[in-house]
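Asks: Submitted below is the structure of interest, expressed as structure tokens.
The values are calculated or read from the model by the stated rules, or taken from the named source; none is laboratory data. Small disclaimer: the values here were computed from a predicted structure and weren't measured. Quick reminder, even Gly has a Cβ in these numbers, built from the backbone with ideal geometry, and neighbours come from all protein chains shown. Just the protein is used for accessible areas: all its heavy atoms, side chains included, with ligands, DNA and RNA removed. Shrake-Rupley method; radii C 1.70, N 1.55, O 1.52, S 1.80 Å.
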Amino acid sequence: MNSLWDFAVGIYQHEPIKSACLQLQDTMGADVCLLLTVVWLGKNGRQLTLAEIALLVSTVELWQQKMTLPLRQLRKEVRQLIDSEPSLDAKPVYQQIKAAELEAERVSLQQLQAFTDTQRWHSRLAVNADNAAAVMANISLYLSQCQPLAKTNPAQQWEEISALFVKYSD
């Protein structure tokens, strides 16, 4: 099994995946690090239970609330200032905040990797190694626990996004 960080960086470089992750973050309140983790686990044959999803969430919840989310909010505010005041030379500040946010996400993925390496899983590995089904089930289960931030059609959205992750995680 390759590292979670390597998987996340590799799959996130694909524009459709990046767009899907950001869309889910903005509309469903999904945590991209958790989303990529459940995809990675599914890709490796692990179909998660609801309890296991909850354990993954609790592993990074405090860090995300105290570090990642405030950095993301600050980055968005700086971007708005730059966009509204073109004469403002704040792009270096924006880039530093963006880098700090990425580093905070790396720490989240590191926490999730450490947790998955030591977790005694209740779920079993897919018997037929139907990793695509595990990926899709994990995404659906994780997203069902998110709090939508906008009106969406979750079933259609999940199906489309799950198919994208299956396509790019091979």
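Asks: Tell me, what is the FRET efficiency for residue 89 and residue 25 to the nearest 0.05, using R0 = 30 angstrom and their Cβ-Cβ distance as r? Could you put the intermediate results ahead of the total?
Replies: On the way: r = 29 Å, r/R0 = 0.95.
Given R0 = 30 Å and the Cβ-Cβ separation, E is 0.55.
Asks: Still on this model: Does anyone have the angle between helix 91-118 and the longest principal axis of the chain? Alpha-carbon axes, 0 to 90°, nearest 10?
Replies: 20
Asks: Leaving ligands, DNA and RNA out of it, work out the accessible area of residue 169 with a 1.4 Å probe and give it in Å² to the nearest 10.
Replies: Its heavy atoms expose roughly 10 Å² to the probe.
Asks: On to the next question. For the chain, take the longest principal axis of its alpha carbons; what is the angle in degrees between that and the long axis of helix 69-84, to the nearest 10 within 0 to 90?
Replies: 40
Asks: In the structure shown, do any of 98/167; 43/91; 43/76; 91/167 have a Cα-Cα gap over 30 Å, and if so which? If you can, show how the numbers build up before the last one.
Replies: Values: 98/167 28 Å; 43/91 38 Å; 43/76 32 Å; 91/167 35 Å.
Pairs exceeding the cut-off: 43/91; 43/76; 91/167.
Asks: Let me ask another. Give me the accessible area of residue 117, 1.4 Å probe, in Å² rounded to the nearest 10.
Replies: 110
Asks: Sticking with this one: Given springs between every Cα pair under 10 Å in a Gaussian network model of the chain, which of 21, 146, 33 has the largest fluctuation?
Replies: 146
Asks: Multiply the residue gap between residue 163 and residue 117 by 0.36 nm, knock off their C-alpha separation, and tell me the result in nm, one decimal place. Provide the component values of the computation, followed by the final result.
Replies: Working: separation 46, 0.36 × 46 = 16.56 nm, distance 2.66 nm.
Taking residue 163 through residue 117 to full extension adds about 13.9 nm, to one decimal.
Asks: Give me the extension gain from residue 133 to residue 76: residue separation times 0.36 nm, minus the current Cα-Cα distance, reported in nm with one decimal.
Replies: Values: separation 57, 0.36 × 57 = 20.52 nm, distance 3.54 nm.
That works out to 17.0 nm of additional length.
Asks: What do you get for the angle between helix 154-168 and the principal long axis of the chain? Use alpha-carbon atoms, 0 to 90 degrees, nearest ten.
Replies: For helix 154-168, the angle is close to 80 degrees.
Asks: So how far apart, in nm, are the two label points at residue 9 and residue 69 if each is 7 Å from Cα heading toward Cβ?
Replies: For the pair residue 9/residue 69, the computed spacing is 2.8 nm.
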